[in-house]
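To start, the structure under review is shown below, and the notes come after it.
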Amino acid sequence: MKLVWQILAVVAVGAIGSQLTLAVQDNPWLCLLGGGLTAVASILVYRWVVGRTERRQVTELAPEGAPGALMRGLVIGVAMFTCVIVNIWFLGDYEVHGYDSVTGAIGLVGFMAGAAVTEELMFRGLLFRLVERGLGTYLALVLSGVVFGASHLFNKDATVLGAVAIAIEAGGMLAAAYAATRSLWLPIGLHFGWNFAESGIFGTMVSGNGEVHGLLDASTSGPELLTGGEFGPEASVYSIVFGALATLAFLVVARRRGRIVPRRRAQRAEALATLAR
């Protein structure tokens, strides 16, 4: 029952905020405001409902170190997508035609902030964290990644390749980032940095959600496996490779810090073995 209340509260705030932001998407300043308010409201509701139902301090959203973690995530996300787009450009499949819209990029800051926060709270803060308790880090990472990827099949220009790519590069990477830090701030910053670079800076489609207007007026062409096709560069093999490498790096950090959670059955076996010694 606790889980139901948590999911309902976070999903409700995210859904309402998303609809309000979409309603004012033609006004960049209102979109910025709406997305920002959605992000703040989602965090406050998550902290309240999780703290109340689990009767604990919500350490995954502790304010200490939040600005630094958000900034590190932002830098990593922007850098990773820049590497993806540079590889596509190097093959001649990404072309910049000029500048597009500064105000459009401003609106995308709000839209992507709201999306990054609500998705991280739902998929890493709730789904991954709670599944990890019983199944351990690795299985929780796989299962939450699959669900995260599948959720993108409802987007306008969704493709199976895109959903699989999202499951691997984003579902895995963001869960591993949470496991390494036991904080949601780094995944939130990473998620926002990647999405904003994709849309607000380089002007490409995000997760099959249709055309966007960012700082650059650009287009992609060429093999879908390399460019991602209508889904956007997230479905590119480059995104999958960079995302998988980042996932492995975060898991190595998590293991070194002793933050990998074993399966509950393995935990019991280890405890019995310790008692028998």
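Out of the residues in the range 137-176 meeting the condition of being in contact with a Leu (Cβ under 7 Å, 6 or more places away or on another chain) and not hydrophobic (A, V, I, L, M, F, W, C), tell me which one is farthest from ALA249 (Cα to Cα). The selected residue is SER144. Which is within 26 Å of PRO67 (Cβ to Cβ) and more than 9 Å from the chain's Cα centre (by Cα), of ALA113, ALA175, ALA140? Just a single option satisfies the conditions, and that option is ALA113.
Residues that are basic (Lys, Arg) and crowded, with 23+ Cβ neighbours inside 10 Å within the range 96-154 comprise just one, ARG124.
Only one of the listed residues (PHE111, PHE81) is assigned to a helix (DSSP H, G or I), modelled with pLDDT under 95 and under 23 Å from HIS213 (Cα atoms). That residue is PHE111. Within the range 197-249, being touching a helix residue (DSSP H, G or I) at 6+ places or on another chain (Cβ under 8 Å), of a type in the set (S, T, N, Q) and under 26 Å from ASN27 (Cβ atoms) holds for SER199, THR204, SER207.
As for the range 169-182, it holds no residue that is under 23 Å from LEU22 (Cβ atoms) and of a type in the set (Phe, Trp, Tyr). Looking only at the range 222-242, decide whether some residue is hydrophobic (A, V, I, L, M, F, W, C) and farther than 22 Å from LEU91 by Cβ. No, there is no match, as no residue in the range 222-242 is hydrophobic (A, V, I, L, M, F, W, C) and farther than 22 Å from LEU91 by Cβ. Regarding the range 211-218, can at least one residue be identified that is in contact with a Gly (Cβ under 7 Å, 6 or more places away or on another chain) and under 17 Å from ASN155 (Cβ atoms)? Yes, the range 211-218 contains at least one residue that is in contact with a Gly (Cβ under 7 Å, 6 or more places away or on another chain) and under 17 Å from ASN155 (Cβ atoms).
Yes/no per residue for (1) within 23 Å of LEU70 (Cα to Cα); (2) crowded, with 18+ Cβ neighbours inside 10 Å; (3) not basic (Lys, Arg):
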{"site": "PHE192", "(1), (2), (3)": "yes, yes, yes"}
{"site": "ASP217", "(1), (2), (3)": "no, no, yes"}
{"site": "THR220", "(1), (2), (3)": "no, yes, yes"}
{"site": "GLY228", "(1), (2), (3)": "no, yes, yes"}
{"site": "GLY232", "(1), (2), (3)": "no, yes, yes"}
{"site": "LEU245", "(1), (2), (3)": "yes, no, yes"}
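Collect the residues in the range 48-77 that are part of a helix (DSSP H, G or I), under 18 Å from THR181 (Cα atoms) and not aliphatic (A, V, I, L, M), keeping them in residue-number order. Before the answer, list the steps.
Going through the range 48-77, the residues part of a helix (DSSP H, G or I) turn out to be 48-54, 59-61, 66-77.
Subset that is under 18 Å from THR181 (Cα atoms): 59-61, 66-77.
Within the range 48-77, THR59, GLU60, PRO67, GLY68, ARG72, GLY73, GLY77 qualify.
Restrict the check to the range 250-260 and report whether at least one residue is of a type in the set (Lys, Arg) and in contact with a helix residue (DSSP H, G or I) (Cβ under 8 Å, 6 or more places away or on another chain). Within the range 250-260, one or more residues are of a type in the set (Lys, Arg) and in contact with a helix residue (DSSP H, G or I) (Cβ under 8 Å, 6 or more places away or on another chain). Applying the selection to the range 154-169, what residues are farther than 14 Å from GLY229 by Cα and either more than 17 Å from the chain's Cα centre (by Cα) or free of Cβ contacts under 8 Å to residues at least 12 places away in the same chain (or both)? Within the range 154-169, just PHE154 meets the criteria. Is it the case that the range 40-48 has a residue that's among the polar types (S, T, N, Q), in contact with a Ser or Thr (Cβ under 8 Å, 6 or more places away or on another chain), at pLDDT 90 or above and closer than 13 Å to GLY114 by Cα? Yes.
With respect to MET205, determine if the residue is part of a helix (DSSP H, G or I) and in contact (Cβ under 8 Å) with a residue 12 or more places away in the chain.
In short, no.
Listed by first and then second residue, the pairs linking a residue in the range 53-78 that is among the charged types (D, E, K, R) to a residue that is surrounded by 13 or more Cβ atoms within 10 Å (Cβ to Cβ), with Cβ atoms under 6 Å apart and 6 or more places separating them unless they lie on different chains, are GLU60/SER183; GLU60/LEU184. Would it be correct to say that VAL45 is more than 17 Å from the chain's Cα centre (by Cα), surrounded by 21 or more Cβ atoms within 10 Å (Cβ to Cβ), under 30 Å from TRP5 (Cβ atoms) and in contact (Cβ under 8 Å) with a residue 24 or more places away in the chain? Spelling it out, it is not the case that VAL45 is more than 17 Å from the chain's Cα centre (by Cα), surrounded by 21 or more Cβ atoms within 10 Å (Cβ to Cβ), under 30 Å from TRP5 (Cβ atoms) and in contact (Cβ under 8 Å) with a residue 24 or more places away in the chain.
The values are calculated or read from the model by the stated rules, or taken from the named source; none is laboratory data. All of these numbers come straight from a predicted model, not from anything done at the bench. Because the Cβ atoms are built from the backbone with ideal geometry, glycine has one as well, and the counts that use them run over all protein chains shown.
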